[in-house]
Amino acid sequence: MTERPNQERIAVLGPGKAGTALGHLLRNAGRRIVAVAGRRLESAQRAAAFTGGTATTDFAWAAREADCVLITTGDDAIETVCRAVAAAGGFRAGAKVVHASGVGGLDLLRAARRRGARVACIHPLQTFADVQSAIAKIPGSTFGITADEDILPWADRLVEDLGGRPFHVLPEDKPLYHAAACMASNSLVTLIYLVEEIYGRMGLSREEAHRAFWPLVRGTVDNIESRGTIPSLTGPIARGDGGTVRKHLRGFRKRFPELTRLYREMGLFTAEIAARRGTVDEDKLAEIRAMLKGGRKG
């Protein structure tokens, strides 16, 4: 007999930010958390305060108590934990075993599958600094889902119970899916850091620089959210203002030469967006492209 979702017993293996938040939200949705396992009992106990269930350091015991096992360790430990639990008889036929890695595929759960378990991955497209922010941010987030075909609807319901939106990712697309997520988050952090560095060359502290440009960043993000990327593009390339781009390049070569290549590459992609927007004369865009490629003196 198939377990009804609210009757399934869930174990969380890995009591970090993600595992704790997922367990907490599932408990709030009426799901039953029976165990939380961590390498240190203190960590498991802290997580169990949010999720309910028994705190333990015995991963295999926690898995044996459950119909659904969430492996929410760091990415590099998922396969190792799965193998160890499988070797200790932690997975039974028909159980569901799930990890939450963005880049890792279902192959990380091979050992569970060999024991007759069905496997899936649910990855929230979200970033969080601590458990409380994870609990607040996960609802409303999109989850990349990769799963054995027969449990794909079940994985969708699990994500919906978390307040998330399901998005199916083919196994072969996982690396690119995760790379795009890293660009949206990690690369954005790097870009903001570099803007701080540039203003730092002018004598501003990071805090002063942040205060200066943050309203611009917030306004841009608001525009993207409400209008989309292409209509939100502004600035010299969007206007076809090659003279300004030339001055930018001169400024980088003089004061920040190590960022000149980055500015050129980003500018070329910006030119493509401007072309799609269709508001710039193609001759002006061609001149800007040539300048950014180094064909004309900037």
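The values are calculated or read from the model by the stated rules, or taken from the named source; none is laboratory data. Everything quoted here is computed from the prediction, not taken from an experiment. Because the Cβ atoms are built from the backbone with ideal geometry, glycine has one as well, and the counts that use them run over all protein chains shown. All accessible areas refer to the heavy atoms of the entire protein, side chains included, with ligands and DNA or RNA removed. Shrake-Rupley method; radii C 1.70, N 1.55, O 1.52, S 1.80 Å.
Within the stretch 195-298, what whole-number % of the accessible surface is contributed by carbon and sulfur, with the 1.4 Å probe and all protein chains included in the calculation?
Exposed carbon and sulfur together represent 53 percent of the surface.
Summed over the residues of the chain and divided among them, the accessible surface reaches 53 Å² per residue at a probe radius of 1.4 Å. Per 5 Å bin, what percent of the C-alpha pairs of the chain does each bin hold, from zero upward? Whole-percent P(r) values from 0 Å outward: 1, 5, 10, 13, 14, 12, 9, 7, 8, 8, 6, 4, 3, 1, 0. Mind running the shape call on the stretch 183-298? Use the C-alpha gyration tensor, a ≥ b ≥ c as the square roots of the eigenvalues: rounded below 1.5 for a/c, prolate if a/b tops b/c, oblate otherwise. Since a/c reaches 1.5 but b/c is at least a/b, the shape of the stretch 183-298 is classed as oblate.
The long axis of helix 41-51 is offset from the longest Cα principal axis of the chain by roughly 80 degrees. Taking a ≥ b ≥ c as the square roots of the eigenvalues of the Cα gyration tensor, the stretch 1-143 is rounded, since a/c falls below 1.5.
Restricting attention to the chain, lysine pairs at least eight places apart or on different chains and with alpha-carbon atoms under 23 angstrom apart total 12. By the helix-only formula, in which each DSSP H run with n ≥ 4 contributes -39500 (n - 2.57) and the sum is divided by residues, the chain has a 222 nm mean residue ellipticity of -17000 deg cm²/dmol. Scaling against 2.2 N^0.38 Å puts the C-alpha radius of gyration of the stretch 74-218 at 1.33. What you get for the chain, charging only the Cβ of Lys and Arg (+1) and of Asp and Glu (-1), is a dipole of about 780 debye around the Cα centre.
Per-residue extension of 0.36 nm, minus the Cα-Cα distance of Ser205 and Arg40, leaves a gain of 55.4 nm for this segment.
A simple count of charges around Leu259, restricted to other residues whose Cβ falls under 14 Å of its Cβ and scoring Lys, Arg +1 and Asp, Glu -1, yields +3. Prolate is the label for the stretch 233-285. Its Cα gyration tensor axes, ordered a ≥ b ≥ c, give a/c of at least 1.5 and a/b above b/c. Over all other residues within a Cβ to Cβ distance under 14 Å of Arg110, the charged ones net out to +2, with Lys and Arg as +1 and Asp and Glu as -1. Phi angles of the stretch 203-212 translate, via the Karplus equation with coefficients 6.51, -1.76, 1.60 and θ = phi - 60°, into HN-Hα couplings of x, 8, 6, 4, 5, 5, 4, 4, 4, 5 Hz per residue; Gly and Pro are given as x. The amide H of Val119, built 1.01 Å from its N in the peptide plane, has Val97, Asp148 as neighbours under 5 Å, considering only residues 5 or more places off or on other chains. In the assembled protein chains, Ile237 presents an accessible area of approximately 10 Å² (probe radius 1.4 Å). Here the extension length gained between Asn28 and Arg250 equals 74.2 nm, from 0.36 nm per residue of separation less the Cα-Cα distance.
Label separation (Arg157 vs Asp222): 4.2 nm, computed from points 7 Å beyond Cα along the C-beta direction. Summarised as an ellipsoid, the stretch 147-203 has semi-axes of 38, 14, 5 Å, derived from the eigenvalues of the Cα gyration tensor scaled by 5 and square-rooted, with the largest first. Taking amide H as placed 1.01 Å from N in the peptide plane, Leu13 has its amide H under 5 Å from the amide H of Ala37, Leu70, Ile71, Thr72, each at least 5 places away in sequence or on another chain. A run of the chain free of exposed loop cleavage sites, with trypsin sites (Lys or Arg not before Pro) counted only in DSSP states other than H, G, I, E and B and at most 15 other beta carbons within 10 Å, reaches its longest extent at 93-200. Rounded to the nearest Hz, the phi-derived 3J(HN,Hα) couplings of the stretch 246-254 under the Karplus curve 6.51 cos²θ - 1.76 cosθ + 1.60 (θ = phi - 60°) are 4, 5, 4, 4, 5, x, 5, 4, 7, where x marks glycine and proline.
Net charge of the neighbourhood of Thr57, taken over other residues with C-beta under 13 Å away and scored Lys/Arg +1, Asp/Glu -1, is 0.
Per residue, the average separation of C-alpha pairs within less than 8 Å and at least 6 apart gives the chain a relative contact order of 11 percent.
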